[in-house]
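**Q** Below is one structure. I have some questions about it.
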Amino acid sequence: MEDGGGRQRLDLFLIWHSVCSKIADWTVKRYQRMKRAITRIALWVMALGATLFLCHASARLEEAAKNSPAFDDGLPPFSHLVLYSVYLYDPASCDACINNLRQIDGSKQEWAMETKAPPTATPTWKDIMPYLGRGTNSVRPYCRLGGVYIIRDMQTYPTCSVKGHKLE
Ligand SMILES: [Zn+2]
């Protein structure tokens with residue numbers, strides 16, 4: 001009788017074991033299939049993205065080549081071309097920014113004349129705002145490439161944090 005009970009337990013254990021290993025097999029297969037599918041989709045998305053990017057970059061570079069004012073002084077450095085194609089460099093924004101710097105500098109001069117500030121004085125935005133544009137409606141200029149303007153003292157030109165945006 002005891003022997004029979006042991007065999008029953010063994011049978012139960014074997015059934016239990018085979019069910020468990022089937023579930024494990026199924027899970028592993030399913031997981032592997034899913035992994036393959038995800039890899040395939042990721043590769044497709046990457047290929048599509050690369051193609052679209054190349055098309056876009058070449059279209060933008062063609063546009064840049066046609067609008068020669070954008071790159072007037074001969075062929076720009078390759079890095080600029082790459083940055084231009086991904087909108088990180090905009091030659092037109094350079095002119096606009098330098099214009100802003102000139103305006104800020106002009107306002108500084110006017111402020112200094114009016115307040116008789118010494119050359120070492122550094123005006124604040126609040127000080128020069130009335131001289132920027134038209135009276136109280138004046139808006140603080142901003143750099144199209146997200147540069148930060150620093151007014152600096154009366155002996156120094158105001159600066160933009162973007163490289164190449166510079167008064168001289
Ligand atoms: Zn700037």
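Derivation of every value follows stated rules applied to the coordinates shown; laboratory data play no part. All values reported here derive from a predicted model rather than from experimental measurement. FYI the Cβ positions are ideal-geometry reconstructions off the backbone, even for glycines, and counts take in every protein chain you see.
**Q** Over the Cα atoms of the chain, how large are the radius of gyration and the largest Cα-Cα distance (Dmax), in Å?
**A** 34.1, 114
**Q** Still on this model: Using only Cα atoms and rounding to the nearest 10 degrees, what angle (0 to 90) does helix 91-115 make with the longest principal axis of the chain?
**A** Tilt relative to the chain: about 50 degrees.
**Q** Still on this structure: How about Lys35: which lysines have a C-alpha closer than 23 Å to its C-alpha, ignoring those fewer than 8 places off in the same chain?
**A** Of all the lysines, those that pass the test against Lys35 - Cα under 23 Å, at least 8 places apart if same chain - are Lys22.
**Q** Could you give the size of the charge dipole of the chain about its Cα centre, using +1 on the Cβ of each K and R and -1 on the Cβ of each D and E, expressed in debye and rounded to the nearest 20? Show your work: numbers first, answer last.
**A** Details: 21 positive and 16 negative charges, 147 e Å.
I would put it at about 700 debye.
**Q** Quick one: helix 2-66 against the long Cα principal axis of the chain, what's the angle to the nearest 10°, folded into 0 to 90?
**A** Relative to the chain, helix 2-66 is tipped by roughly 30 degrees.
**Q** Run down the lysines and flag those whose C-alpha is under 29 Å from the C-alpha of Lys163, throwing out any fewer than 8 positions away in its chain.
**A** Lys66, Lys108, Lys126
**Q** Exposure proxy check: Trp125, Trp111 ranked by fewest other beta carbons within 10 Å?
**A** Trp125, Trp111
**Q** Another question about this same structure. Would you calculate a helix-derived [θ] at 222 nm for the chain, using -39,500 (n - 2.57) for each DSSP H run of n ≥ 4 and dividing by the full residue count, to the nearest 500? Spell out each step's value before the answer.
**A** Numbers: 4 runs with 102 residues, N = 168.
Mean residue ellipticity at 222 nm (helix-derived): -21500 deg cm²/dmol.
**Q** Could I ask something else about it? Would you work out which of Leu88, Gly147, Thr122 lies farthest towards the positive end of the dipole of the chain, given +1 charges on the beta-carbon of Lys and Arg and -1 on that of Asp and Glu, about the Cα centre?
**A** The residue sitting farthest along the positive end of the dipole is Leu88.
**Q** Tell me, what HN-Hα J-couplings in whole Hz come from the Karplus equation 6.51 cos²θ - 1.76 cosθ + 1.60 at θ = phi - 60° for each residue of the range 141-156, using x for Gly and Pro?
**A** Per residue, the Karplus-derived 3J(HN,Hα) values read x, 9, 8, 5, 9, x, x, 9, 8, 10, 5, 6, 7, 6, 8, 10 Hz.
**Q** A further question follows. Please name whichever of Trp16, Val45, Thr27 sits farthest to the positive end of the charge dipole of the range 1-58, dipole taken about the Cα centre and charges placed at Cβ: Lys and Arg +1, Asp and Glu -1.
**A** Checking the options against the dipole of the range 1-58, the answer is Val45.
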